Amino acid sequence: MDTLSTPIFRLKKRAHQLVRDEGLPLHRALDRVAQHEGFRNWSLLANRCKTDPLHIQVLNQMRPGHTLLVGGRPRQGKTKLGLKLVARAAVADGPVAVFSLDYTEDQIRAEFAHLWESGDQSPRHPIIDVSDQICADHIVARLQQAPGCSLVLIDYLQLLDQSRATPPLDEQLQILNQFAKSSGCKMVFLAQIDRDFENSGKKLPDFGDVRQPNPCDFSRFDLGCFLHGGEVQIVPAP
């Protein structure tokens, strides 16, 4: 089975609901949920999820219309993960797009070429937009010209907030969230983590560590994926 019917954290909630509703021991409830997903028991389901490459694990957690924030300090692999998500979705689900205020088009195409040489499947010529005018309205207008995008990568969140000519970041997130839900496309936002995280003593960052030039409501996201020091956690939004 390539994907789960719903993200694993929701499967766990389903098992806990069975415990409350039917008085099952938790291990039996988890096994029942796993069997509905095509696995003999919960252990096999969990092990399968852990052994999949990270970008497959992340995609298994996402559903059409979901918005995901990928956060990490510099050089933690968030851009590579984002591009791997795009490449995989292009093969498995259809057209994809990359909007970047950070990379040039040549740099993005070089990264995709490297993924291809490394054995990943071809990303099938994604839409690549590196315009200085990138903002929520620009993204929505461009996607409406090429309907049917399965996954959109936005690189990166804080740069949407750099121009005084565009709406505040939170308003842009609302626009993009509404478009994702109405169109069914998945949206992935790369995001910077505040430098104070380095002195926090925490092993991994979370939504509270995302750098916010201006306040924004992170409950507009469905999921967060946070990377640091070779480790990762995928969590529901607050």
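The values are calculated or read from the model by the stated rules, or taken from the named source; none is laboratory data. All figures in this text were calculated on a predicted structure; none of them were measured in a lab. When we count neighbours, we look across all protein chains shown, and the Cβ atoms used for this are built from the backbone with ideal geometry, even at glycine. Calculation scope for accessible area: heavy atoms of the full protein, side chains included, ligands and nucleic acids excluded. Shrake-Rupley method; radii C 1.70, N 1.55, O 1.52, S 1.80 Å.
Once you place label points 7 Å from the Cα toward the Cβ at Lys202 and Arg164, how far apart are they in nm?
Modelled inter-label distance: 3.3 nm.
Considering only DSSP beta bridges where both residues belong to the chain, give the percentage that are antiparallel (nearest 5).
25 percent
Straight-line reach only, C-alpha to C-alpha below 17 angstrom: list the aspartates and glutamates that Lys12 could link to, leaving out same-chain residues fewer than 8 apart.
Asp21, Glu22, Asp31, Glu37, Asp222
Carbon-plus-sulfur fraction of the accessible area of segment 45-95, 1.4 Å probe, in percent?
The C+S portion of the solvent-accessible surface of segment 45-95 is 51 percent.
Normalised by the number of residues in the chain, what is the relative contact order in percent for Cα pairs under 8 Å and 6+ residues apart?
RCO, the chain: 24 percent.
Cα centroids of segment 218-238 and segment 125-194: how far apart, whole angstrom?
Cα centroid of segment 218-238 versus Cα centroid of segment 125-194: 18 Å apart.
Note the angle between two axes, namely the Cα long axis of helix 169-183 and the longest principal axis of the Cα atoms of the chain, as a number of degrees from 0 to 90, rounded to the nearest 10.
60 degrees
Mind checking the per residue accessible area of the chain for me, 1.4 Å probe, whole number of Å²?
51 Å²
Under 20 Å from the Cα of Lys80, which lysines turn up, not counting those fewer than eight places away in the same chain?
Lys50, Lys186
Pop out the ³J(HN,Hα) list for segment 38-49 in order, Karplus 6.51 cos²θ - 1.76 cosθ + 1.60 with θ = phi - 60°, rounded to Hz; leave Gly and Pro as x.
The phi angles translate into x, 10, 5, 8, 5, 4, 5, 4, 5, 5, 4, 5 Hz.
Tell me the mean residue ellipticity at 222 nm calculated for the chain from its helices only (DSSP H runs of n ≥ 4, each -39500 (n - 2.57), averaged over every residue, nearest 500).
Per the formula, -12500 deg cm²/dmol.
Given Cβ point charges of +1 (Lys, Arg) and -1 (Asp, Glu) and nothing else, what value in debye, to the nearest 20, does the dipole of the chain about its Cα centre take?
Dipole magnitude for the chain comes out near 900 debye.
With labels modelled as points extended 7 Å from the Cα through the Cβ direction, what inter-label distance (nm, one decimal) is found for Arg28 paired with Lys13?
2.5 nm
In terms of modelled amide H atoms, which long-range or inter-chain residues lie less than 5 Å from the amide H of Val96?
Ile127, Ser150
Please give every one of the lysines within straight-line cross-link reach of Lys202, meaning a C-alpha to C-alpha distance under 20 Å, and leave out same-chain neighbours fewer than 8 residues apart.
Qualifying lysines at Cα under 20 Å: Lys78.
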